[in-house]
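Some notes on the structure that comes next.
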Amino acid sequence: MKRNASFILLSLIIVLFFSSCGEDGIDYPITPRTLQPTEENITVDEILTRGFEALFEPHGFYYSTNATMEIVADHIHTALSQNDWVYMKFGTQNGPRPHLRNNLDNLLPHFQFPFTKWHQCILASNRVLSRLDDKDTFQGSERQYQIYLAAAHFVKGMAYGYLANTFDKSLILSRDTIILRDIPFSTYREVIKHASAHFDTVISICKSSRFTLPNGYLPTVGGAYSSERLQRLAYTYKANFIVQNARSFQENVATNWRQILEYTENGLRNGEDFSIIIDGVKFDNSIQVISGLDWYWRVDHRILRYFDPNYPKRRSNRKGINPRQITNSIDERLHLYFQYDPWVPDLRDFDLWSYYNYYRYNALFDLPYPQNCVFLYAETNRLLKIEALAMTGQISESAQLLNDPQSRRKSLGKVSDVSPSISIDKLLDEILKERDLELMFTDYGLHFKDMRRLGKLQVGTFIHFPVPHLDLIARDLVSYTYGGQTYLNDIQTSGTQLDSSRSWIKPSEVLFYSRLQ
């Protein structure tokens with residue numbers, strides 16, 4: 001049945017790909033047919049509504065790059081055999097990280113789907129902006145004009161941000177783009193600059209105008225977004241994307257943290273979580289929803305060691321030898337966010353299995369749609385501010401904000417205060433812990449991007465996804481990929497995590513090697 005499903009998906013990709021062929025034989029795979037219908041009478045509202053839906057569609061596929069990233073971040077793993085599911089192969093802890101398979105077998109929805117969707121969002125926004133270019137022919141009020149302008153730039157900023165932080169390269173598409181395959185790819189550093197520029201435009205429009213977005217664009221909790229709320233959301237997303245763009249600890253240090261501090265001062269306020277009312281069709285966040293299925297995602301031991309530093313890094317590779325239940329947690333959130341479950345499935349790799357499941361989002365899974373789903377917590381902004389203070393040398397101020405008695409860390413976790421004279425390395429570890437616990441299953445690949453920028457990914461792990469295979473062959477380019485390591489040696493490429501003292505499980509610790517010797 002699984003093979004039949006894979007064949008159907010592959011066939012669908014091929015059909016969609018060649019159905020977008022132009023007169024010269026092959027057009028580019030990201031032809032935006034779903035977002036830019038041929039009817040000339042389609043309204044700007046309709047284009048923007050579809051653009052916002054497409055922007056978050058990759059969140060709706062839990063068999064996706066999102067799940068793959070969170071698995072290799074050692075945040076989650078699954079009860080399903082990773083040998084039977086392509087994306088789960090990257091969770092293997094008892095052997096080297098495998099290469100990403102950038103080929104037709106591994107396209108949908110791993111590489112191609114998010115790459116296509118986010119470029120489609122940009123093309124849709126460009127169509128809106130082209131209509132707005134000629135203000136004399138625009139039939140609408142000044143307020144409506146500002147709404148369309150802000151919405152189109154927000155979608156572009158978000159799409160470029162996700163592309164920059166998920167792939168090594170992507171396209172920067174101007175409004176007069178016609179033949180997409182003639183455009184050169186731009187690096188993740190170049191793309192994040194475009195994301196930042198579009199957020200700046202949104203912020204500028206919101207500062208000079210007062211309006212409310214139509215609720216049809218984003219069915220958000222708390223009603224339609226005002227220009228004031230949109231401005232704060234843009235500041236936080238801008239800070240978030242810039243920080244996540246770093247591919248190494250060195251690049252993370254080089255981030256302009258003083259600017260990040262400024263952005264967070266103007267970002268989301270306490271209680272302003274960015275929540276979308278999901279219906280399972282137009283909007284969804286499947287990786288978060290499915291976490292309520294107690295046997296599906298399991299908590300990686302890296303996370304469990306926050307509650308008990310002596311907890312094993314993984315369970316034994318022999319069935320019947322089980323890690324104990326944590327009875328004396330140093331953080332009371334263990335029992336609020338997670339749940340002990342001693343059930344053991346018939347796994348091929350027993351050391352991947354954990355006896356804790358995710359409990360925090362059970363209501364999302366148990367209750368019918370529609371449901372309120374958080375895509376970005378306001379806590380994201382607060383933790384970015386705490387980190388920016390630390391990275392700009394304001395250690396005591398950072399520690400003080402981290403120790404805020406109103407924070408969930410203190411009010412729920414009952415965690416001891418950090419010292420105002422704490423070292424920056426230990427402070428960053430405390431901040432990472434808070435991001436791991438408080439922001440789980442929200443922004444796309446968040447924990448992977450945190451582990452990447454802090455140099456904590458396991459040796460041999462890819463640090464970003466390559467341009468999808470179909471997009472390469474459409475340009476007559478050779479397919480390439482990232483990730484993987486040979487026995488006791490990593491593949492020395494710019495797209496793969498190299499050995500460092502910050503590795504979570506180093507090669508010498510992996511049971512796979514002792515079995516080979």
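The values are calculated or read from the model by the stated rules, or taken from the named source; none is laboratory data. Quantities reported herein were computed from a predicted structural model and do not represent experimental measurements. As a convention, Cβ positions derive from the backbone with ideal geometry for all residues, glycine included, and neighbour counts pool all protein chains shown. Remember, those area values only see protein heavy atoms, side chains included, never the ligands or the DNA or RNA. Shrake-Rupley method; radii C 1.70, N 1.55, O 1.52, S 1.80 Å.
Restricting to the stretch 99-148, what's the tally of residues that are among the small types (Gly, Ala, Ser), over 15 Å from ARG50 (Cβ atoms) and part of a helix (DSSP H, G or I)?
1
Taking the conditions exactly as written (surrounded by 15 or more Cβ atoms within 10 Å (Cβ to Cβ) and under 26 Å from THR461 (Cα atoms)), does ILE260 satisfy them or not?
Criteria not met by ILE260.
Out of ASP404, ASP366, I need the residue that is of a type in the set (D, E, K, R), surrounded by fewer than 22 Cβ atoms within 10 Å (Cβ to Cβ) and farther than 27 Å from GLU57 by Cβ. Which one?
Result: ASP404 is the single residue among ASP404, ASP366 that is of a type in the set (D, E, K, R), surrounded by fewer than 22 Cβ atoms within 10 Å (Cβ to Cβ) and farther than 27 Å from GLU57 by Cβ.
Looking at (1) closer than 30 Å to GLU387 by Cα; (2) touching a residue at least 24 places away in the same chain (Cβ under 8 Å), which is the only condition LEU213 fails?
LEU213 satisfies all of (1) closer than 30 Å to GLU387 by Cα; (2) touching a residue at least 24 places away in the same chain (Cβ under 8 Å) except (1).
Consider ILE260 against the criteria (1) in a helix (DSSP H, G or I); (2) at pLDDT below 95: it satisfies all of them except one. Which criterion is unmet?
Of (1) in a helix (DSSP H, G or I); (2) at pLDDT below 95, only one is false for ILE260: (2).
To keep it simple, each residue is scored yes or no on (1) touching a residue at least 60 places away in the same chain (Cβ under 8 Å); (2) farther than 30 Å from SER275 by Cβ; (3) not charged (D, E, K, R).
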| position | (1), (2), (3) |
| --- | --- |
| LEU336 | yes, no, yes |
| ILE386 | no, no, yes |
| ALA390 | no, no, yes |
| GLY393 | no, yes, yes |
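Looking for whichever is modelled with pLDDT of 85 or more, surrounded by fewer than 23 Cβ atoms within 10 Å (Cβ to Cβ) and β-branched (Val, Ile, Thr) here; the options are THR49, THR31. Which one fits?
Unique residue meeting the criteria: THR49.
How many of the residues making up the stretch 369-401 are open to solvent by less than 30 Å² (accessible area, probe 1.4 Å) and over 20 Å from GLY445 (Cα atoms)?
7
What number goes with the only condition from (1) at pLDDT 95 or above; (2) touching a helix residue (DSSP H, G or I) at 6+ places or on another chain (Cβ under 8 Å) that LYS433 does not pass?
Every listed condition holds for LYS433 apart from (2).
Any residue at all in the stretch 222-231 that is farther than 16 Å from GLY267 by Cβ and either under 21 Å from the mean Cα position of the chain (by Cα) or in contact (Cβ under 8 Å) with a residue 40 or more places away in the chain (or both)?
Yes: one or more hits.
Which of the numbered conditions does ARG409 fail, given that it passes all the others? Conditions: (1) farther than 19 Å from PHE307 by Cβ; (2) surrounded by 21 or more Cβ atoms within 10 Å (Cβ to Cβ); (3) out of contact with any strand residue (DSSP E or B) (no Cβ under 8 Å at 6 or more places or on another chain).
(1)
Applying the selection to the stretch 263-283, what residues are open to solvent by 10 Å² or more (accessible area, probe 1.4 Å), assigned to a helix (DSSP H, G or I) and either under 18 Å from ILE192 (Cβ atoms) or modelled with pLDDT under 95 (or both)?
TYR263, the sole residue that qualifies.
In the set SER329, SER248, which member is without any contact (Cβ under 8 Å) to a residue 40 or more places away in the chain and on the phi < 0 side of the Ramachandran plot?
SER329
When PRO466 is evaluated against the numbered criteria (1) under 19 Å from ALA246 (Cα atoms); (2) at pLDDT below 85, which criterion, by number, is the only one it fails?
(2)
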